[in-house]
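Below: one structure, written as structure tokens.
Every read-out reported here was derived from the displayed coordinates using simple, explicitly stated rules and does not represent laboratory data. Predicted model, so just to flag it, every value in this text is computed and none were measured. Note that we place each Cβ from the backbone using ideal geometry, even for glycine, and neighbour counts take in every protein chain shown.
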Amino acid sequence: MIFMLRGFLAPVIATLTSIFLSISALFGATEAPVRTPDSFENVKNVIYLIGDGMGPLHLEMAKDERDITLTMDTFEIEGCSQTRSASSSVTDSAAGATALACGVRTFNGALGVYTYDILHVESNPKNLTELCIEKGMKTGVVTTDSTSGATPSGFSVHTDNRNNTKDIGKQQMNSDIDLIWGGTSDYVTQEKCEENGFTFVKTYSEMMALEEGSRSFAQFDNSTWTTEQVDADTPTLSQMAEKAIDLLDDTDEGFFLMIEGAHIDKHSHNNEAEKMAEALEEFDETIAYALEYAKLDGETLVVVTADHETGGIVLNDDGTYSYTKGSHSAADVPVFVYGSETFIENGETVKNIQIPERIAYSLGFTAEEFPYEVFNPWVSSFNDFISNQDFLKK
Ligand SMILES: [Zn+2]
């Protein structure tokens, strides 16, 4: 059945593509200017930090709430990302993660699949983690969310629905990622993890005991988003990041590490400014460590951004900040960069899907290698066409 569909889909997509391209030409749609892949400074390692739900005013609100300064404010290069998905101006975290991991806009709720092929019969867009594994790099996915949460899943699986927790767990336990760390997920078992060569980790001390060369799957029972450890068994996000970098940094091929601060979003859904601010402070602490590492290392690109804004935070007349909703908004989010002068112009606005493209190019990959699969140019141009339409741009 799948083979029949594959044979059937390609010519259909090819025809649709040429029709769409003709219509596009008719209305004078032009390709947005894109920098060539080889114009990017080359780096060896990438630390990609995603503050889920973190809009620009989350930073201001957190500084007010906790009376702190932020490492994020010290980046010399800062841009903006437009966060929409293929189906809505307001993205969810699954489509948001797909955009940030695969360089492809998909429907809200979908993970690592093309809009026209959500059951991935024909093909999947490759995510950065898979791309880096193919190159022989070490890879890691670290989150304060469950390991089957939308953002870590965007960097590790392909499935049509973020609620396919069993499928997500199965794909992750069968993956070649070196470390997948976060909160518990119902379908992840010690037995299955060990079968696939992962050391199964449940506590802070087990995490700290991991040695270079090992692959590990961590399932922490308690919250990792707070600034202090909630108990002796549970690490904080910055402790996880420090250990993860230490484990991945043992190869000449370099590493790719995605770190998510998921609770900026979670607490913003509940409009809990105090908790959001603490989660953001811990995320910032994590960024500070990544930056410190990158400055010493000299070959590491640090990119900080968000998948979308949550809570519609506004600045009030009296200079205070407040939430206006309990859901996501279409607001642009910040992009902070260290380690490359060519990644983004200071003040430049990019589409979310351009961020992983630029990460791939900074790692020396070509336009053919990312984001589109080369075996079917029709598939590539169709998705390229869909995700470059003006109505999808903002
Ligand atoms: Zn959310």
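What shape does the range 243-367 take by its C-alpha gyration tensor, where a ≥ b ≥ c are the square roots of the eigenvalues and a/c under 1.5 counts as rounded, a/b above b/c as prolate, and the rest as oblate?
prolate
What list of ³J(HN,Hα) values in whole Hz, one per residue of the range 178-184 in order, does the Karplus curve 6.51 cos²θ - 1.76 cosθ + 1.60 (θ = phi - 60°) give from phi, with Gly and Pro shown as x?
Listing the rounded values in order: 6, 8, 10, 10, x, x, 4 Hz.
Give me the extension gain from N196 to T349: residue separation times 0.36 nm, minus the current Cα-Cα distance, reported in nm with one decimal.
Computed gain between N196 and T349 is 51.0 nm.
Say R0 is 35 Å: what FRET efficiency, to the nearest 0.05, do D233 and K325 get from their beta-carbon distance?
The value I calculate is 0.45.
Mind listing the long-range amide H neighbours of T139? Cut-off is under 5 Å, sequence gap 5 or more, other chains count too, H placed in the peptide plane at 1.01 Å from N.
Long-range HN contacts for T139: D178, L179, F256.
Per-residue HN-Hα couplings for the range 87-102, Karplus 6.51 cos²θ - 1.76 cosθ + 1.60 at θ = phi - 60°, whole Hz, x for Gly and Pro?
With the stated coefficients, the range 87-102 comes to 9, 7, 5, 10, 8, 9, 6, 6, 5, x, 5, 4, 4, 6, 9, 10 Hz.
What would the Debye equation give as log₁₀ I(q)/I(0) for the chain at q = 0.07, 0.13 Å⁻¹, counting only Cα atoms as equal point scatterers?
Debye intensities relative to I(0), on a log10 scale: -0.29, -1.05.
Kirkwood hydrodynamic radius (Cα pairs, Å) of the range 188-272?
After inverting the mean inverse Cα-Cα distance, the result is 14.2 Å.
Cβ neighbours within 10 Å, averaged per peptide: list 52-62, 183-193, 96-106 in order, most packed at the top.
96-106, 52-62, 183-193
About its Cα centre, what dipole magnitude does the range 41-377 give when the only charges are +1 on Lys and Arg Cβ and -1 on Asp and Glu Cβ, stated in debye to the nearest 20?
Dipole of the range 41-377, to the nearest 20 debye: 1000 debye.
What length, rounded to one decimal in nm, is gained on full extension from N42 through to T74, with 0.36 nm per residue of separation minus their alpha-carbon distance?
9.2 nm
Taking H as built 1.01 Å from N, whose amide H comes closer than 5 Å to the amide H of G183, not counting residues under 5 places away?
Under 5 Å from the amide H of G183: D145, S146, T147, F220.
Rounded to the nearest 500, what is the chain's calculated 222 nm mean residue ellipticity when only DSSP H runs of at least 4 contribute -39500 (n - 2.57) each, over all residues?
-11000 deg cm²/dmol
Residue farthest toward the positive end of the dipole of the chain, with Cβ of Lys/Arg at +1 and Asp/Glu at -1: which of T184, V46, G326?
G326
Ranked highest first by average number of other Cβ atoms within 10 Å, how do 156-167, 236-247 line up?
236-247, 156-167
Mind listing the long-range amide H neighbours of S81? Cut-off is under 5 Å, sequence gap 5 or more, other chains count too, H placed in the peptide plane at 1.01 Å from N.
When sequence neighbours closer than 5 places are left aside, the close amide H contacts are V333, V335, V350.
Going by a ≥ b ≥ c, the root eigenvalues of the Cα gyration tensor, does the range 105-191 fall in the rounded group (a/c under 1.5), the prolate group (a/b larger than b/c) or the oblate group?
oblate
Order by neighbour count: T71, T151, fewest other Cβ atoms within 10 Å first, most last.
T71, T151
Could you give me the ³J(HN,Hα) list for the range 157-167, computed from phi with Karplus coefficients 6.51, -1.76, 1.60 and θ = phi - 60°, whole Hz, x at Gly and Pro?
9, 10, 7, 6, 9, 5, 7, 6, 4, 5, 4
Mind ordering 253-264, 286-297 by average Cβ neighbours within 10 Å, highest first?
The densest-packed peptide leads the list: 253-264, 286-297.
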